[in-house]
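Contents: one structure, followed by commentary.
The values are calculated or read from the model by the stated rules, or taken from the named source; none is laboratory data. Predicted model only: the values in this text are computed from it and were never measured. Note: ideal-geometry Cβ built from the backbone for every residue, glycine included; neighbour counts use all protein chains shown. We work out accessible area using only protein heavy atoms, side chains counted, and drop any ligands, DNA or RNA first. Shrake-Rupley method; radii C 1.70, N 1.55, O 1.52, S 1.80 Å.
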Amino acid sequence: MPKKIVFEGKTEYLQVLDENGAVDKTLEPKLDENLLRKIYENMVRARVFDRKAISLQRQGRCYTYVPTEGQEGAQVGSALALQKADFGVPSFRENAVYLARGVSMEQLFLYWMGNEEGSRMPADQNNLPVAIPVGSQVPHAVGIAWAMKLKKEKAAAITYFGDGATSEGEVHEGMNFAGVFQVPCIFFCQNNQYAISTPITKQTHAQTIAQKALAYGFEGLQVDGNDVLAVYAATKAALEKAYSGKGPTLIEAITYRMQAHTTSDDPKKYRSDEEVEYWKKKDPLTRFQVYLKGKRLWDEEYEKKVQEAATREVEDAVRKAEAYKPNPEDMFTYLNAELTQDLKEQMQEMKKSMEG
Amino acid sequence: MELNLVQAINQALMQEMERDASIIVMGEDVGRDGGVFRVTQGLLEKFGEQRVVDTPLAEAGIIGTAVGLAIKGMKPVAEIQFDGFTYLAFNQFISHAARMRNRSRGRFTVPLVLRAPWGGGVRALEHHSESMEAIYAHVPGLNVVIPSGPKEAKGLLISSIRMPDPVIFFEPKRLYRAFKEEVPEEPYAIPLGQARVAKEGSDVTIVTWGSLVRTSLEVADSLKEASVEVVDIRSLSPFDEKTVLESVKKTGRAVIVHEAPRTGAFGAEIAARISEKALLNLEAPVRRVTGYDVPIPLAKLEDYYLPDTSRIKKAVQEVAAF
Ligand SMILES: Cc1ncc(C[n+]2csc(CCOP(=O)(O)OP(=O)(O)O)c2C)c(N)n1
């Protein structure tokens, strides 16, 4: 009996805007001016927020912070492709996703300043709070998407995770469920080349992350994650597919984390300055600026306005977040629907010990 | 030489790896980065990539493969980056590491060590401040060790590495760089299952472990009205009942201090042993000073949760005056 090929797969890579801002007209999504500016302004907001958070941490006004810089294209491009009814299931680096989806800077600062209240997502928004255990949120998105399917809603879930997360079992269990139950879920992997100090080459022997989707029976593709147009287009296409009952998609966005893993990390231990410089040239904001300029949507004056608005917003948010005082009793209040007798007593005990 | 906790553990790893070529250190970012707390710093340079391994980001994978490595004669000393991520590997511990010897009637054994930073007090993100030692101590077959300082840590880790069975070695992360003390240069082993009387006293016994040993000693040293004995458990499993009972029989009063939530924690086990075997020696009810039965709060409220000197002192005074 001759051997025969029973499976062959391919993985595509999508780039619309190259690193100099030159656009591939055949692939260019047709977005109106308002949306194009909204995309840009959200990338700027995210960067201004990010730099502020890092500087606050250095001044001891904010605890460990997880920077986003460099990944604004991947995060804003995907987040702005979503509809309100779509559910966002982020990991911990998705500051720009939250901001683009309408979570306030104040809310995010509350979180990074060590307040539980920072995880209270606005009631009219469909986003789960930060998930710290790597990859653990992925099956939640699949369950949410599954419920959407059962309820016949025209909506999808999108979950964010990193390259490192693709080593965790839960990520694969989630993707497998999604394939089996054909749920409207998008797996959005930001391959920023490192999991703390561990490079992607030590994470998987496979050539791409995107190809892993094939093993679960659905489509996977790579996009230039620093090309916000490519990310937007790929996410839109995956959403349309999801809405029309054609199942999940894995998107691997190739990007780079420009800052440390967290404010407690020292990236000099594991990556070179040259490497960082190389990626700096691929910055998602700069190339999109060039693109907007070509469309006469960007000039110095506009830039100044956008920067100033973001700076005002961030300063205002810091003021509000720093004025917030958490109530110690709240550590008990939200544990269960009702406070148990034990917890009531422990709460009293805590209050007494606060009095000294 | 005077070493902090990070340096003492690092020295123990260095010395044991030199002694035993079957030891491999494995985990997330333990090689090039030297671990996120730098506990494994310098090991990669000294012992190479075969023995100091940056693994994929997968805790079940780390402990599952460590079980296999151990069965086949290697000595894995695995790191899980934080206490709150050991749960992903819990199945490998409870279902396999802890039972392989029993299941195979002694043919296959799992002499692995898990090291993980443990406990609160460093203003960390969620899941980075956990003290769930009781769930591990509850598993038959697992050994659970929590040192209270650099000198203890070195000797206890060396013993853990030399154990023929699985050991969970939790490192109180808030002590990592909190203080230095004299640590003997040469390798030494502190046997597991032996508690330590950290300070002698005659009126009240504080039973505790990990970072709260130091906090309890502060209370004991500053309290005028009662003479306090502090017992550092050191290993929850095997548990040294004898030292605890001897102390409580002497003082007649016991305060158990831990940062884990109260209900079902290891303090309850200690209280049960005291009530079973020293009830008639007690002059006062046993007291517990613990975390509350809630997830340890984020940074801003963390101090309201963690037992501190004032809560411990108050409990000791009340028990002494009973
Ligand atoms: C289950 C689990 N293990 C370990 C960690 C510690 N940790 C936090 S982020 C991280 C690396 C994550 O890498 P990746 O998934 O690529 O995402 P990135 O941080 O690059 O955005 C690690 C190991 C964690 N949070 N959760």
Within the range A:319-336, residues being facing chain B (nearest Cβ under 10 Å) and open to solvent by less than 60 Å² (accessible area, probe 1.4 Å) number 6
Kindly indicate whether A:Glu19 is among the charged types (D, E, K, R), open to solvent by less than 60 Å² (accessible area, probe 1.4 Å) and either part of a loop (DSSP other than H, G, I, E, B) or at positive phi (or both). no
Condition broken by A:Ala195, with the remaining ones in (1) over 20 Å from the mean Cα position of the chain (by Cα); (2) over 22 Å from A:Ala237 (Cα atoms); (3) crowded, with 23+ Cβ neighbours inside 10 Å satisfied: (1)
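Identify, from the list B:Ile24, B:Ile63, B:Ile94, the residue that is part of a helix (DSSP H, G or I) and either on the phi > 0 side of the Ramachandran plot or open to solvent by less than 20 Å² (accessible area, probe 1.4 Å) (or both). Give the steps one after another, and end with the answer.
On the way: B:Ile24 fails: part of a helix (DSSP H, G or I); B:Ile94 fails: either on the phi > 0 side of the Ramachandran plot or open to solvent by less than 20 Å² (accessible area, probe 1.4 Å) (or both).
Just one listed residue meets the conditions, B:Ile63.
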Out of B:Ile94, B:Ile71, I need the residue that is closer than 21 Å to A:Glu170 by Cα and among the β-branched types (Val, Ile, Thr). Which one? B:Ile94
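Can you tell me which of B:Asp293, B:Asp303 is part of a loop (DSSP other than H, G, I, E, B) and of a type outside the set (Ser, Thr, Tyr)? Explain how you work it out, then say what you get.
Numbers: B:Asp303 fails: part of a loop (DSSP other than H, G, I, E, B).
Exactly one residue qualifies, and that residue is B:Asp293.
This table checks each residue for (1) more than 14 Å from chain A (Cβ to nearest Cβ); (2) of a type in the set (Gly, Ala, Ser); (3) within 16 Å of the ligand (Cβ to nearest atom).
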position: B:Glu79; (1), (2), (3): no, no, yes
position: B:Tyr87; (1), (2), (3): no, no, yes
position: B:Phe90; (1), (2), (3): no, no, yes
position: B:Ser95; (1), (2), (3): yes, yes, no
position: B:Arg99; (1), (2), (3): yes, no, no
position: B:Val113; (1), (2), (3): yes, no, no
position: B:Gly120; (1), (2), (3): no, yes, no
position: B:His127; (1), (2), (3): no, no, yes
position: B:Val139; (1), (2), (3): yes, no, no
How about the range A:197-229: which of its residues are of a type in the set (A, V, I, L, M, F, W, C) and either more than 16 Å from the ligand (Cβ to nearest atom) or in contact with a Ser or Thr (Cβ under 6 Å, 6 or more places away or on another chain) (or both)? A:Ile209, A:Ala210, A:Ala213, A:Leu214, A:Ala215, A:Phe218, A:Leu221, A:Val223, A:Val228, A:Leu229
Within the range B:38-60, how many residues turn out to be within 17 Å of B:Gln15 (Cβ to Cβ), open to solvent by less than 20 Å² (accessible area, probe 1.4 Å) and free of Cβ contacts under 8 Å to residues at least 60 places away in the same chain? 3
Test A:Gly135 against the stated conditions and say whether it is within 12 Å of the ligand (Cβ to nearest atom), within 14 Å of the chain's Cα centre (by Cα) and within 11 Å of chain B (Cβ to nearest Cβ). yes
Please name all residue pairs, on different chains or six or more residues apart, with Cβ atoms under 8 Å, provided the first residue is in the range A:279-308 and is of a type in the set (S, T, N, Q) and the second residue is surrounded by 14 or more Cβ atoms within 10 Å (Cβ to Cβ). A:Thr286/A:Gly21; A:Gln289/A:Gly21; A:Gln289/A:Tyr40; A:Gln289/A:Trp298; A:Gln289/A:Glu303; A:Gln307/A:Val44; A:Gln307/A:Val48
Leading residue by the ranking (farthest from the ligand (Cβ to nearest atom)) among those in the range A:140-186 that are hydroxyl-bearing (Ser, Thr, Tyr) and open to solvent by less than 10 Å² (accessible area, probe 1.4 Å): A:Thr159
Tell me the residue from A:Glu252, A:Glu349, A:Glu274 that is part of a helix (DSSP H, G or I) and away from every other protein chain (no Cβ under 14 Å), please. A:Glu274
Could you check how many residues of the range B:173-185 are assigned to a loop (DSSP other than H, G, I, E, B) and either surrounded by fewer than 14 Cβ atoms within 10 Å (Cβ to Cβ) or not aromatic (Phe, Trp, Tyr) (or both)? 7
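Please report, ordered by residue number, the helices (runs of 4 or more DSSP H) entirely within the range A:165-233 with at least 2 residues that are within 11 Å of chain B (Cβ to nearest Cβ). Talk me through it step by step, then tell me what you get.
Working: elements: A:169-181, A:200-203, A:212-215.
Result: A:169-181, A:200-203.
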Looking only at the range A:233-255, and only at residues there that are surrounded by fewer than 24 Cβ atoms within 10 Å (Cβ to Cβ) and hydroxyl-bearing (Ser, Thr, Tyr), the one that is farthest from A:Asp86 (Cα to Cα): A:Ser244
With the requirement that a residue be more than 9 Å from chain A (Cβ to nearest Cβ) and either part of a loop (DSSP other than H, G, I, E, B) or within 12 Å of the ligand (Cβ to nearest atom) (or both), what does the range B:41-60 give you? B:Gln41, B:Gly42, B:Gly48, B:Glu49, B:Gln50, B:Arg51
State whether one or more residues within the range B:136-152 are under 14 Å from the mean Cα position of the chain (by Cα), basic (Lys, Arg), surrounded by 22 or more Cβ atoms within 10 Å (Cβ to Cβ) and assigned to a helix (DSSP H, G or I). no
A:Thr262: within 16 Å of the ligand (Cβ to nearest atom) and within 14 Å of chain B (Cβ to nearest Cβ), yes or no? yes
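Would a scan of the range A:52-72 turn up a residue that is within 14 Å of another protein chain (Cβ to nearest Cβ), open to solvent by 10 Å² or more (accessible area, probe 1.4 Å) and within 16 Å of the ligand (Cβ to nearest atom)? Before the answer, list the steps.
We begin by selecting, within the range A:52-72, every residue within 14 Å of another protein chain (Cβ to nearest Cβ); these are A:53, A:56-57, A:60-67.
Now drop any that are not open to solvent by 10 Å² or more (accessible area, probe 1.4 Å), which leaves A:57, A:60-61, A:63-64.
So of that shortlist, the ones also within 16 Å of the ligand (Cβ to nearest atom) come out as A:63-64.
Yes: the range A:52-72 contains one or more residues that are within 14 Å of another protein chain (Cβ to nearest Cβ), open to solvent by 10 Å² or more (accessible area, probe 1.4 Å) and within 16 Å of the ligand (Cβ to nearest atom).
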